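Visitor: Please read through the structure below; I'll follow up with questions.
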Amino acid sequence: MKQVVQNYKSGELAVLDVPVPGCKPGGVLVRTAYSLISTGTELMKVSEAGMSMLGKARSRPDQVAKVMQSVATNGVPATYRKVMGKLDSYTPLGYSLCGVVEQVGAGIDDVKAGDLVACAGNEHALHAELNWVPKNLYTPVPDGLAPRHAAFGTVGSIAMQGVRQGEPQLGEVALVIGLGLIGQLVVQLLTAAGVRVVGADPDPTRCELAERLGAAACGDPASAAVEAAVAELTGGHGVDQVYLAAGGGSNQPVELAARLCRDRGRVVDIGKCRLDLPWNAYYEKELDVRFSRSYGPGRYDPEYELEGRDYPIGYVRWTERRNLACFLDLLARGSVDVEPLVSHVADFDDAVETYQRLKDGELKAVAVLFRYPEQKEAAAKAPAMTVPAVPRSGKASAPARSARTPVRLAFVGAGNYATSMLLPHLAGREGVELSTVVTTTALSAANAQRKFGFAEATTDLDAVLGDKSIDAVFVVTRHSSHAELTRRALLAGKTVFVEKPLALTEDELTGVLAAVEESGNDRLQVGFNRRFAPLLQEARKRFGARTGPASLRYLVNAGRLQHGSWYLRQGTEGSRFAGEGGHFIDTASWLLDADPVSVYATAAPGNEDLQVVLRYPDGSTASISYVTTGAAGFPKETLDLIADGKVLRLDDFVRASVYSDGTVGRKQWVSSRLPKARDKGQNAELAAFIKAVRTGGPMPVPLESLVATTSATLAVQAGLAGGAPVTLARAR
């Protein structure tokens, strides 16, 4: 299928061929009829992409701060790869469309194939021929409403949420500053609610359009006409509400709002304009400044948007979906008219030219629609990734391969970690062929194919598992899917590399082991990379053998997560420690050359700081302090191993030291060019994995050790709940 994309690094716009998205449970696959260009938000994004790197940095200081924090935590090379990977990727455009349901996912019963729906979301209602849309981001289109008008649903919901934030009352007077697409819709919604409206915009054609659509008066905000109209309609008191629907860097809108608003009036920010509030003016009138967040309650809440968990109507009357349905109802009843806003309708194939004309100012428009080809016979669709695999019986073997035959790899998932930490080490590696990348999002697969040279990109997991030419499957998806995808790949006879964690529950771990038993296929590696780090390998060698029990202390300064991170979804993705704690347990067990026999865990109240104590068969102990409340500038990982009069010290994979009685041995790896470089072992780990696949030899880490580390990680949560040490049943 085709999709409109943009490369944020170069600014390039393209209509790209990408895989058809799979129809996952909890949503529907929609074939687009019309999609709407947001001439404000999207053109701002398009213009930003055309800036120099310095210009991009100046426009997004919040992202620059994140980059600097990543440098402090992960080092320059890893941060550079991650940032360049994000910049040099195609990103989608669009967030408002109308189309026909082609396929219904499991759990959906309110629409059927052939129904017309309006869809929302900058990840789901894209300028693409087909989109997968979750339940709370689509709504049926009322009978008789034209698809081209229903395509305005999302933008209409944005305007509606802004109006709701202003709490207008019948007979009040409002000022709308900025008469672009959102402003024109705000004018109509306020008029429909019995509010008299004054509009302000420097473009006289937009002012004329707003007056035709119901505004009492409109004019240039720099002229006296707007102020005179407000004085006449309000008896000199000022407007009850001001709606800021303007963009740009001028502070004029907020200053005008203060001047023309009545005492204790409301100012609602809908657009993205400069907000240097003149303190005296806002204080003297005690103005109520409010923000309107996108389409309404539910926006940016993954449980609402992705998992379909609605808010009870008795507590949240107007959600994203209910706003969308309400706006479509107003359109269907003629209370709002969007046809006069349509300046241009372009064929979807002409999308790049249309954006360029808008950017250059050649095409002056309030609203532009893309018109898609008529419905054609549906192409074959990828099944949902949760379809159970048919179990295989018998014992699998791992035959040695010819040294001249490339190892063919498939990736399931192509997110940040895969594209910044794994694929750069595999792309172009001699003897390795990147065969297929499979994702649930079509564009991410296409990006990975373009950047790393995969032969194919798809959303069809079954095709990958059924391809006998593929030797190994990498599972690099979100945590909740690791165990099931690993189980299916093992049953399909594939060698599997799964990023940590292997499992989030004991039942999931049992399921993976049952797949090993059923298939006889134990060719499994979990991404515990730190034991492969060259610096730590050398330090362990210098430390040498020990004769007595050891004491190991591991401080992990994990830091706080950003709001909205999927790591915070503990209900589905597990706790933070469940997600990454295996790294530290595996490192400790490797240094101590044993698997733990018991786990004790305790937590500080009110945060996620954990203290984990592991006991080993020879009496050795490892204590892991996993903290989220430390200073961001402090190193992330520091480790001390003490035994037999010797001390091994690791400082965040930048420096390592080994001390012993009477002598001091010291080895330090710091690149003269990149002093903050950190090699945490991914490259060496992948080399060992590829060697095992090629030769049929033992996996880099024994299955028993992988299971023991996973069991110990899971035991931490059980220990926190029970308040007592947990004995590990699988301990050797």
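Visitor: Can you tell me which condition Ser250 does not meet? The list is (1) open to solvent by 30 Å² or more (accessible area, probe 1.4 Å); (2) at pLDDT 95 or above; (3) of a type in the set (S, T, N, Q), and all the others hold.
Guide: Answer for Ser250: the failing condition is (2).
Visitor: Would you confirm whether any residue within region 502-510 is assigned to a helix (DSSP H, G or I), among the hydrophobic types (A, V, I, L, M, F, W, C) and touching a helix residue (DSSP H, G or I) at 6+ places or on another chain (Cβ under 8 Å)?
Guide: Checked against the condition, which is being assigned to a helix (DSSP H, G or I), among the hydrophobic types (A, V, I, L, M, F, W, C) and touching a helix residue (DSSP H, G or I) at 6+ places or on another chain (Cβ under 8 Å), region 502-510 yields at least one hit.
Visitor: If Phe348 passes every condition in (1) at pLDDT 95 or above; (2) within 24 Å of Ser294 (Cα to Cα) but one, which one does it miss?
Guide: In the conditions (1) at pLDDT 95 or above; (2) within 24 Å of Ser294 (Cα to Cα), Phe348 misses (2) alone.
Visitor: Could you grab me the full set of residues in region 26-57 that are open to solvent by 10 Å² or more (accessible area, probe 1.4 Å) and modelled with pLDDT of 95 or more?
Guide: Gly26, Arg31, Ala33, Tyr34
Visitor: Which number in (1) open to solvent by 20 Å² or more (accessible area, probe 1.4 Å); (2) touching a residue at least 12 places away in the same chain (Cβ under 8 Å) marks the one condition that Val475 misses?
Guide: For Val475, the exception is condition (1).
Visitor: Out of all the residues in region 154-196, which are under 15 Å from Asp240 (Cβ atoms) and of a type in the set (Gly, Ala, Ser)?
Guide: Across region 154-196, the qualifying residues are Gly162, Gly166, Gly171, Ala174, Ala193, Gly194.
Visitor: With of a type in the set (A, V, I, L, M), modelled with pLDDT under 95, in a strand (DSSP E or B) and surrounded by 19 or more Cβ atoms within 10 Å (Cβ to Cβ) as the only criterion, which of Val658, Val664 stands out?
Guide: Exactly one of Val658, Val664 is of a type in the set (A, V, I, L, M), modelled with pLDDT under 95, in a strand (DSSP E or B) and surrounded by 19 or more Cβ atoms within 10 Å (Cβ to Cβ), namely Val658.
Visitor: Return the residues of region 689-729 that are under 15 Å from Lys500 (Cα atoms) and among the small types (Gly, Ala, Ser); say none if nothing qualifies.
Guide: Within region 689-729, Ser705, Ala708, Ser711, Ala712 meet the criteria.
Visitor: Continuing with this model, one more query. Against the definition (closer than 25 Å to Glu456 by Cβ and either open to solvent by 20 Å² or more (accessible area, probe 1.4 Å) or part of a strand (DSSP E or B) (or both)), how does Val15 come out, yes or no?
Guide: Spelling it out, Val15 is indeed closer than 25 Å to Glu456 by Cβ and either open to solvent by 20 Å² or more (accessible area, probe 1.4 Å) or part of a strand (DSSP E or B) (or both).
Visitor: Do any helices (runs of 4 or more DSSP H) lying entirely in region 267-335 carry at least 3 residues that are open to solvent by 50 Å² or more (accessible area, probe 1.4 Å) and at pLDDT 95 or above, and which ones are they?
Guide: 279-285
Visitor: Still on this structure, I have one more. Take region 430-464 and flag every residue that is of a type outside the set (S, T, N, Q), closer than 19 Å to Ile690 by Cα and in contact with a strand residue (DSSP E or B) (Cβ under 9 Å, 6 or more places away or on another chain).
Guide: Those that are of a type outside the set (S, T, N, Q), closer than 19 Å to Ile690 by Cα and in contact with a strand residue (DSSP E or B) (Cβ under 9 Å, 6 or more places away or on another chain): Gly431, Val432, Glu433, Leu434, Val437, Phe452, Gly453, Phe454, Ala455, Val464.
Visitor: Every residue in region 589-623 that is at pLDDT 95 or above, assigned to a loop (DSSP other than H, G, I, E, B) and either under 15 Å from Val726 (Cα atoms) or aliphatic (A, V, I, L, M) (or both), please.
Guide: Ala594, Asp595, Pro596, Val597, Tyr616, Pro617
Results for (1) touching an Asp or Glu at 6+ places or on another chain (Cβ under 8 Å); (2) over 19 Å from Thr572 (Cβ atoms), shown as yes or no for each residue.
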| site | (1), (2) |
| --- | --- |
| Ala446 | yes, yes |
| Asp460 | no, yes |
| Val475 | yes, no |
| Ser481 | no, no |
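Visitor: When the residues of region 351-385 are narrowed to those that are under 16 Å from Ser96 (Cβ atoms) and part of a loop (DSSP other than H, G, I, E, B), which ends up modelled with the highest pLDDT?
Guide: This residue is Tyr372.
Visitor: Can you name every residue in region 478-522 that is open to solvent by less than 30 Å² (accessible area, probe 1.4 Å) and among the charged types (D, E, K, R)?
Guide: Result: Arg488, Lys494, Glu499, Lys500.
Visitor: Tell me the residue from Val597, Val556, Val526 that is closer than 30 Å to Ile470 by Cβ, among the β-branched types (Val, Ile, Thr) and in contact (Cβ under 8 Å) with a residue 40 or more places away in the chain, please.
Guide: Checking each option against the conditions leaves just Val526.
Visitor: When the residues of region 561-602 are filtered to those that are of a type in the set (Phe, Trp, Tyr) and over 18 Å from Arg531 (Cα atoms), which remaining residue is most open to solvent (accessible area, probe 1.4 Å)?
Guide: Tyr600
Visitor: Looking only at residues that are assigned to a helix (DSSP H, G or I) and hydrophobic (A, V, I, L, M, F, W, C) in region 523-549, which one is most open to solvent (accessible area, probe 1.4 Å)?
Guide: Phe532
Visitor: Residue pairs, Cβ under 7 Å, 6 or more apart or interchain, first in region 642-656 and closer than 21 Å to Arg546 by Cβ, second of a type in the set (Val, Ile, Thr) and surrounded by fewer than 19 Cβ atoms within 10 Å (Cβ to Cβ). List them.
Guide: Matching pairs, first to second residue: Asp644/Thr547; Leu650/Thr638.
Visitor: Filter region 413-458 down to the residues that are aromatic (Phe, Trp, Tyr) and assigned to a helix (DSSP H, G or I), then identify the one that is nearest to Ala128 (Cα to Cα).
Guide: Step by step, filter region 413-458, then rank; the result is Phe452.
The values are calculated or read from the model by the stated rules, or taken from the named source; none is laboratory data. Keep in mind that what you see is a predicted model, and the values were worked out from it rather than measured. Using ideal geometry, Cβ is built from the backbone for each residue, glycine included, and neighbour counts are taken over all protein chains shown. When the accessible area is computed, the model is the full protein with side chains, heavy atoms only, and any ligands, DNA or RNA have been set aside. Shrake-Rupley method; radii C 1.70, N 1.55, O 1.52, S 1.80 Å.
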